[in-house]
Amino acid sequence: MTVVILGSLMGVVFERFRLCMSSTVTDSVLLGDRSKLRGLVFGVLVSAAAFNALIGAGVMKSIAEPLSPMTVVAGVVFGLGMTLAGGCVSGTLFKMGQGYVASLLAFLGLVLGFGTMGYLIQFMTRPWEESQAPRWTDMTLAQLLGVSPHLVAIPAAIACAALVWLWRRGGKLGAPELTPVVGWTLVAILNTLYFAVLRQPLGVGGTPVYAASGLSYLVDPAWTLANPMLGLVLGIPRIAIPGAAFFAGATLSAVAGGRFHARLPVARQAASSIAGGFLMGLATTMMVGCNVTHILGGLPQLALSSLAATAGIAGGAWAAAMLLSRLPARHHGPASVHGLASTAVGSPTAAS
Amino acid sequence: MPGEKADRSIDVRGQICPYPTLAVRQALRTMDGQVLEVLIDYEPTVVTTLPAFCRKAGLGLEVTRVGEACWKVRITRGKGLHGKGVQECG
């Protein structure tokens, strides 16, 4: 029940504040607007202070996914994918809840990506099996250096306090450009509760991977059950609950706020969403977690794998934004979507 | 100015992040005139991305809802609005 409540609340916050890591990067790179990035960094600092203080106090234990040579590469692929898809895994889920069919296609791409990875993983090293034996690659920076997590918590708390003081001094508290700071701070608070109660931070990638396992089972039950990834996932249905709760919360929030409207993509957007989702599905398996697991859960703990994954995701998203900015943009919309004709210069359409 | 004839009009309906942003950026870079009109159905770009961008760049922004989930955005550059008129919608 706790998973459902906290997962749903996370969905509400993401939807209400439109928290999207993909646009965080693209707005910074393409428009020079860093307000979303500032919000995300502040949220990670709040989580770093809270997580490490609680870990240092013995209330909870560090969780670090395994680091492998593939982690950075997978991060880059994920970053490319989330830019093409128009949202990371959490962004895809909440935008589906707002009625964007493009994000639904990205979700299908994720399922396809996980399904494909389920096939390929038979011939590859499995990162989650590597993690069975404790190794330096499965640690946080504090564990690796043998220092107290308080040495991370205290500077993070000081940085948060200093930033708030600076914003207050500059009269910026309450300004629109700090709205993302509020949203990501709420996420950090909810994720700390989630971590403290459920012994691990929120992850939402389990929903598409469970959907991939279920679909594969419908096609070939014996093969799926014997598969080292899809069969494993099928045995733990609870893995799908956080993402499903997140989606439900986001959908309810969108409907209640009057923001739910079914919107169809143009063909290029549809292809981009599926391709992006597919890449994210491949990458999430190799990183052992999506961007939510790594950037919101592992990075505040300074988990080595999450540091590598975050660097890869940022690099991949930056490269994708730069690449897309060099391609000709589509300036003409669908002729009849939503009952509106394309506008001609000088004759703006004003329907409804 | 509100009501002023648009020098260029683009339609980015059916596209989600980052494509509407890319289209606006490219249109602003290549157009000669002062007023760009954008027809868009992707709410986050209308509500967060374009207001922040226009505020930072000193561009005027005027948003009109023209359908249940569709907006007409007018971006004005040069002297005049300088970011005023930014409004939330949705």
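The values are calculated or read from the model by the stated rules, or taken from the named source; none is laboratory data. Because the structure is a prediction, the values reported are computed rather than measured. Every residue, glycine as well, gets a Cβ built from its backbone with ideal geometry; the counts of neighbours run over all protein chains shown.
Here are some notes:
- Listed conditions (1) within 22 Å of A:Asp138 (Cβ to Cβ); (2) crowded, with 24+ Cβ neighbours inside 10 Å are all met by A:Leu307, apart from (2).
- Qualifying position, being touching a helix residue (DSSP H, G or I) at 6+ places or on another chain (Cβ under 9 Å) and more than 14 Å from chain B (Cβ to nearest Cβ), among A:Ala102, A:Ala106, A:Ala85, A:Ala48: A:Ala48
- Some residue of the stretch A:57-74 being within 19 Å of A:Ala106 (Cβ to Cβ) and more than 10 Å from chain B (Cβ to nearest Cβ): yes
- Among all residues of the stretch A:294-304, there is none that is farther than 30 Å from B:Leu39 by Cβ, within 14 Å of chain B (Cβ to nearest Cβ) and crowded, with 23+ Cβ neighbours inside 10 Å.
- The one condition in (1) within 14 Å of another protein chain (Cβ to nearest Cβ); (2) surrounded by fewer than 20 Cβ atoms within 10 Å (Cβ to Cβ); (3) of a type in the set (Ser, Thr, Tyr) that A:Ser272 fails to fulfil: (2)
- Residue among A:Ala161, A:Ala102 that alone is surrounded by 16 or more Cβ atoms within 10 Å (Cβ to Cβ) and in a helix (DSSP H, G or I): A:Ala102
- Screening the stretch B:53-90 for residues that are within 7 Å of another protein chain (Cβ to nearest Cβ) and outside any strand (DSSP E or B) and picking the one that is modelled with the lowest pLDDT gives B:Gly90.
- When A:Gly289, A:Gly312, A:Gly298 are checked against the criterion of being closer than 14 Å to A:Thr83 by Cα and in contact (Cβ under 8 Å) with a residue 24 or more places away in the chain, a single residue qualifies: A:Gly312.
- Extreme residue, modelled with the lowest pLDDT, among residues of the stretch A:122-157 that are in a helix (DSSP H, G or I) and crowded, with 20+ Cβ neighbours inside 10 Å: A:Pro127
- With respect to (1) among the polar types (S, T, N, Q); (2) closer than 27 Å to A:Val12 by Cα; (3) in a helix (DSSP H, G or I), the lone exception for A:Gln200 is condition (3).
- Any hit, the stretch B:21-36, residues being touching a residue at least 40 places away in the same chain (Cβ under 8 Å), out of contact with any Asp or Glu (no Cβ under 8 Å at 6 or more places or on another chain) and either under 25 Å from A:Gly97 (Cα atoms) or surrounded by fewer than 24 Cβ atoms within 10 Å (Cβ to Cβ) (or both): yes
- Test: A:Leu218 is assigned to a helix (DSSP H, G or I) and in contact with a Lys or Arg (Cβ under 7 Å, 6 or more places away or on another chain): no
- Residue within the stretch A:309-324 that is at the interface with chain B (Cβ under 7 Å from one of its Cβ atoms), part of a loop (DSSP other than H, G, I, E, B) and either modelled with pLDDT under 95 or within 28 Å of A:Ala212 (Cβ to Cβ) (or both) present: no
- Of all residues in the stretch A:283-293 being assigned to a helix (DSSP H, G or I) and among the aliphatic types (A, V, I, L, M), the one that is surrounded by the most Cβ atoms within 10 Å (Cβ to Cβ): A:Met287
- The lone criterion from (1) at pLDDT below 95; (2) hydroxyl-bearing (Ser, Thr, Tyr); (3) in a helix (DSSP H, G or I) left unmet by A:Thr349 is number (3).
- Candidates A:Ser47, A:Ser22: the one that is of a type in the set (S, T, N, Q), part of a helix (DSSP H, G or I) and within 28 Å of A:Ser272 (Cα to Cα) is A:Ser22.
- In the stretch B:35-52, the residues that are touching a strand residue (DSSP E or B) at 6+ places or on another chain (Cβ under 6 Å), more than 7 Å from chain A (Cβ to nearest Cβ) and not in a helix (DSSP H, G or I): B:Val35, B:Leu36, B:Val38, B:Ile40
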